[in-house]
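Reading through the structure tokens given below for one structure.
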Ligand code: LAC
Ligand code: NI
């Protein structure tokens, strides 16, 4: 994990991420289920699946075009990266952007109702475990001003 402020490039530690409400851990990709089970119990996450994006994912560009617009969810956005890498931009409560590069072993939870956006890197490859609090679906709510407030 490597995180920094988009407005001044200063580094953000895992502890600082947590202070801004973004849970971060480093877990073993070869032995993670016990840790995830504990996290699920503590945070009332009840379901788990795996999501993967690769250069041959059907409609990859269409999918990425949804993720890279600033949006929020009514559930936490929980991702544990099994392989590949990605970039999360996450707003603080006072609207600063934190840029978080995640790769193998990184566990990240963007709190519910927090604006964020997501990009893949040049490799266009990421495989993640997702955790959810309920099974009602995963619908992004786009920020109205997203088109003009993207920086
Ligand atoms: C999502 C991410 C990628 O909504 O922000 O699934
Ligand atoms: Ni999202």
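Computed from the coordinates by the stated procedures, all read-outs in this text should not be read as laboratory data. Quick caveat: nothing in here was measured; it's all calculated off a predicted structure. A quick note on method: Cβ atoms are made from the backbone with ideal geometry, for glycine too, and the neighbour counts reach across all protein chains shown.
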Which of 116, 20, 44 ends up with the largest GNM mean-square fluctuation for the chain, with Cα atoms connected below 10 Å?
44
Checked region 39-84 against the a/c 1.5 cut and the a/b vs b/c comparison, axes a ≥ b ≥ c from its Cα gyration tensor; verdict oblate
Select from 47, 26, 83 the residue whose mean-square fluctuation is largest in a Gaussian network model of the chain (Cα-Cα springs shorter than 10 Å).
47
In deg cm²/dmol, rounded to the nearest 500, the helical mean residue ellipticity at 222 nm of the chain, built from -39500 (n - 2.57) for every DSSP H run of length 4 or more, is -4500 deg cm²/dmol
Please report, in Å, the Rg and the Dmax of region 17-96, where both are computed over Cα atoms only.
14.5, 38
Cut-off 10 angstrom, C-alpha nodes, Gaussian network model of the chain. Which of 70, 61, 52 fluctuates the most?
61
Quick one: which of 74-82, 121-129, 9-17 comes out on top by average Cβ neighbours within 10 Å, and what's the full order, highest first?
74-82, 121-129, 9-17
